[in-house]
Amino acid sequence: MEIKQFKNIETFLFDLGGVIIDIDSKRTIDGFVKLGFKGIGDHITQSHHEGLFKQLERGEIDEDTFINKVKALIDTPVETNEITSAWNQMVGSIPAERAEIIEKLKAEFPVYLLSNTNGIHLRHCDEMTEGQTIKELFNEVFYSYQLGCSKPEASAFQKVIDQTGLKPETTLFLDDSQVNLDAAKALGFQTKLITEEEDMISFFTQKKEA
C-alpha cells in the first residue's frame, strides 16, 4: 500500500487513545479534584501518566491496589465506583467512521494495536462500544499493563515485533505522541503523528494516492 510520503506499507500498528478514541485528560483531572485528590495534575497528562497511574498502566500494581492507594491520597472517604468513574472520564468512545477504516484495512493487511492502558479503561471502552469490542477490531492487541512495559520503551515495540513477526520497515505506526513515534522510528518503523488538525479519518481519506 502506498500513502503519500509512505512506501511499501504491509502492516499497520495503531495507538488507541488520541488516535482511535478521543482522550480528554482534563475531564479526569477535574473529576479527581472534585473528589479531593490534591496534586492530581502531577500524575496525569494527555499522553503519559506518572506515579500510581503509570504503575497501573505497566501492570506493576493490580486494580485493587491502585484503588486503595488512590483512596489513601484523598482526605475524605470515597467509594471505589467514584474513583473508577473519575478515572474513566477521560475516555471517549470509538467513532463508527474510525472503526470502519480499521475494518477496511484489516481486510487487506495485518492490523495491530499497541496501547498504554489498563483494565479499567478497557472495560469502560468496551461498554460504550456497540457490537465489536476493541480486541475484535484488530488481528492482535498489545496492552502495556499485560506486557509489563509501556511506550516509549523499546521493549514494548520489540514484544510486538517478536510476537507478530512484523517488519518495522514495512509497518506504519500511528500515535498522537511524538516521543512514542521517535522510539518506534529508532527501531525502523515508519511513523505518522495523529493530531487534532490531521486526525485518523482525514489522514486515511485524504492522503491516499490513486
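The values are calculated or read from the model by the stated rules, or taken from the named source; none is laboratory data. Being a predicted model, the structure only gives us computed values, none of them experimental. All Cβ positions, even for glycine, are placed from backbone atoms using ideal geometry, and neighbour counts span all protein chains on display. Ligands, DNA and RNA are excluded from the accessible area calculation, which covers all protein heavy atoms including side chains. Shrake-Rupley method; radii C 1.70, N 1.55, O 1.52, S 1.80 Å.
The criterion of at least 3 residues that are basic (Lys, Arg) and in contact with a helix residue (DSSP H, G or I) (Cβ under 6 Å, 6 or more places away or on another chain) is met by none of the helices (runs of 4 or more DSSP H) wholly inside the range 49-103.
If you go through the range 74-103 and pick out every residue that is farther than 30 Å from Ile194 by Cα, touching a residue at least 12 places away in the same chain (Cβ under 8 Å) and open to solvent by 30 Å² or more (accessible area, probe 1.4 Å), you end up with 4. In the condition set (1) within 19 Å of Asn180 (Cα to Cα); (2) modelled with pLDDT under 90; (3) buried (at least 18 other Cβ atoms within 10 Å of the Cβ), Val19 is compliant with all but (2).
Please work out if Ile9 is under 29 Å from Lys159 (Cα atoms), in contact with a helix residue (DSSP H, G or I) (Cβ under 9 Å, 6 or more places away or on another chain), without any contact (Cβ under 8 Å) to a residue 24 or more places away in the chain and assigned to a loop (DSSP other than H, G, I, E, B). Answer is no for this residue. When you look at Phe109, is it touching a helix residue (DSSP H, G or I) at 6+ places or on another chain (Cβ under 8 Å) and of a type in the set (Phe, Trp, Tyr), yes or no? Spelling it out, it is not the case that Phe109 is touching a helix residue (DSSP H, G or I) at 6+ places or on another chain (Cβ under 8 Å) and of a type in the set (Phe, Trp, Tyr). Each residue in the range 22-41 was checked for being assigned to a helix (DSSP H, G or I) and open to solvent by 70 Å² or more (accessible area, probe 1.4 Å), and 4 of them qualify.
Within the range 165-183, the set of residues being surrounded by 15 or more Cβ atoms within 10 Å (Cβ to Cβ) and under 15 Å from the mean Cα position of the chain (by Cα) comprises Phe173, Leu174, Asp175, Asp176, Ser177, Asn180, Leu181.
May I ask you to verify whether Ile44 is of a type outside the set (Ser, Thr, Tyr), surrounded by 17 or more Cβ atoms within 10 Å (Cβ to Cβ) and at pLDDT below 90? Even if it seems obvious, please write down each step before you answer.
On the way: of a type outside the set (Ser, Thr, Tyr): yes; surrounded by 17 or more Cβ atoms within 10 Å (Cβ to Cβ): yes; at pLDDT below 90: yes.
Yes.
Note on the range 123-164: among residues that are under 26 Å from Asn81 (Cα atoms) and among the basic types (Lys, Arg), the one that is most open to solvent (accessible area, probe 1.4 Å) is Lys135. Scanning the range 107-122 for residues that are open to solvent by 40 Å² or more (accessible area, probe 1.4 Å) and part of a helix (DSSP H, G or I) turns up nothing. Checking each residue in the range 165-175 for being touching an Asp or Glu at 6+ places or on another chain (Cβ under 6 Å) and under 17 Å from Asp15 (Cβ atoms) picks out only Asp175. Please go through the range 162-210 and give me each residue that is in contact (Cβ under 8 Å) with a residue 60 or more places away in the chain, in a loop (DSSP other than H, G, I, E, B), out of contact with any Lys or Arg (no Cβ under 7 Å at 6 or more places or on another chain) and over 20 Å from Gly17 (Cα atoms), ordered by number. Once the filter is applied, which keeps residues that are in contact (Cβ under 8 Å) with a residue 60 or more places away in the chain, in a loop (DSSP other than H, G, I, E, B), out of contact with any Lys or Arg (no Cβ under 7 Å at 6 or more places or on another chain) and over 20 Å from Gly17 (Cα atoms), the range 162-210 yields Leu166, Lys167. Residue count for the range 60-72 satisfying the condition of being open to solvent by 80 Å² or more (accessible area, probe 1.4 Å) and farther than 25 Å from Asp175 by Cα: 5.
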